[in-house]
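The values are calculated or read from the model by the stated rules, or taken from the named source; none is laboratory data. Please read all numbers here as calculations on a predicted model, not as lab measurements. Note that we place each Cβ from the backbone using ideal geometry, even for glycine, and neighbour counts take in every protein chain shown. Heads up: the accessible areas ignore ligands, DNA and RNA and are worked out on the full protein's heavy atoms, side chains in. Shrake-Rupley method; radii C 1.70, N 1.55, O 1.52, S 1.80 Å.
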Amino acid sequence: MATATATAHPNIALIKYWGKRDTALNLPAVPSLSLTLDTFTTRTTVTWGADRDAARLDGREATAREAGRVFEFLSVLDPSRPPCRVDSHNDFPTAAGLASSSSGFAALAVAASHASGQDLATKALSVLARRGSGSACRSLWGGFVEWTLGHAPDGSDSHGIPLAPADHWDVRMVVAVVSDAKKAVGSRPAMIRSAQTSPYYSHWCATAQSDVDGAREAVLARDLTTLGTLMEQSTHKMHATMTTSWPPVFYAQPGTMACIHAVMQLRDSGTEAWLTMDAGPNVKVLCRSADADTVADTLRAHATTVHILGPGAGPAVL
Ligand code: PMV
């Protein structure tokens, strides 16, 4: 029996992953590019060798569905593994578009790899984390990270690639929590619905590589206007595939729309603030650190909570 504890931070995609070319292996239909955040943390302890499989999430027993995902994931790491105990805690709202699955599976991959004695290298951990949740493969590094498509049928070359470390650029992501209710449609079924029914899905896939290429250059050049423009366009294109699916998938709430208008007004009045949203109602705004308080004060009128987060580090073993 061995126990290991790891922490990981969520990442927010600046250029989004939405759609899979292989649903079993979580191989993406599009490349993506993200920023790993600081402050928000998942902390996960894995005990390799217990009397039975048991998982606790945020202090409660995992549901059968959640436990199924966790233990199937551990069996990907080792098909002949012993029964395991998993205890995971997020210090931020789960399943509300705040990318909790990214930090969740990154922390689980690192803790399980250590507890099992396998001590996988970071790239192999990224491939493993991807099997739990696609976006998790980007949380294996801090700062700006790309997830390339890869070509291998087994997914061994579809993983995160570090682009620039957390201290490369002093930007902020201001997170406006509009609702922390659990989302109605999970990203997995919603992605499949977009791919199968949205008339915009093919355009979404066709433009993703050039969006990533442009964003990569903008990150390296610390060009906020170009990065913000590409990020906001990627968000609206992704949400267009969701809302034009059938039945449609709407993640926005009234507070979401209020935040979107507030950000556009900020820009009109000269503050560079750029918004992004994931599979949930919350709005995240990329800006310079010097503008973060102005952005946060503006969003506070429309949100239940506002957090100012910066670029964060990769996972740590405690
Ligand atoms: O990794 P998943 O299956 O939770 O999907 C994440 C999808 C988005 O958050 C909407 C976009 C992204 O690239 O993280």
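Quick one: what pairs do we get from the range 176-196, first residue in a strand (DSSP E or B), second within 12 Å of the ligand (Cβ to nearest atom) and of a type in the set (Gly, Ala, Ser), C-beta under 9 Å, 6+ apart or different chains?
Close Cβ pairs satisfying both conditions: 177/96.
Does residue 72 count as part of a helix (DSSP H, G or I), more than 27 Å from residue 283 (Cβ to Cβ), within 16 Å of the ligand (Cβ to nearest atom) and open to solvent by 20 Å² or more (accessible area, probe 1.4 Å)?
yes
May I ask you to list the residues in the range 75-105 that are on the phi > 0 side of the Ramachandran plot and open to solvent by 40 Å² or more (accessible area, probe 1.4 Å)? Don't jump to the end; show me each part of the working.
Taking the range 75-105 and keeping what is on the phi > 0 side of the Ramachandran plot, we get 95, 97, 99.
Across the range 75-105, there are no qualifying residues.
Residues checked against (1) within 14 Å of the ligand (Cβ to nearest atom); (2) within 14 Å of residue 15 (Cα to Cα); (3) out of contact with any helix residue (DSSP H, G or I) (no Cβ under 9 Å at 6 or more places or on another chain):
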position: 137; (1), (2), (3): yes, no, no
position: 142; (1), (2), (3): no, no, no
position: 147; (1), (2), (3): yes, yes, no
position: 162; (1), (2), (3): no, no, no
position: 169; (1), (2), (3): no, no, no
position: 189; (1), (2), (3): yes, no, yes
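Can you pull out every residue in the range 9-39 that is surrounded by fewer than 24 Cβ atoms within 10 Å (Cβ to Cβ), assigned to a loop (DSSP other than H, G, I, E, B) and more than 11 Å from the ligand (Cβ to nearest atom)?
24, 25, 29, 38, 39
Of the residues 24, 62, which single one is among the aliphatic types (A, V, I, L, M) and either farther than 26 Å from residue 151 by Cβ or in contact with a strand residue (DSSP E or B) (Cβ under 6 Å, 6 or more places away or on another chain) (or both)?
62
Does the range 106-134 hold any residues that are within 16 Å of the ligand (Cβ to nearest atom) and open to solvent by 20 Å² or more (accessible area, probe 1.4 Å), and which are they?
Step one: list which residues in the range 106-134 are within 16 Å of the ligand (Cβ to nearest atom), which gives 106-109, 125-134.
Correct list: 127, 131.
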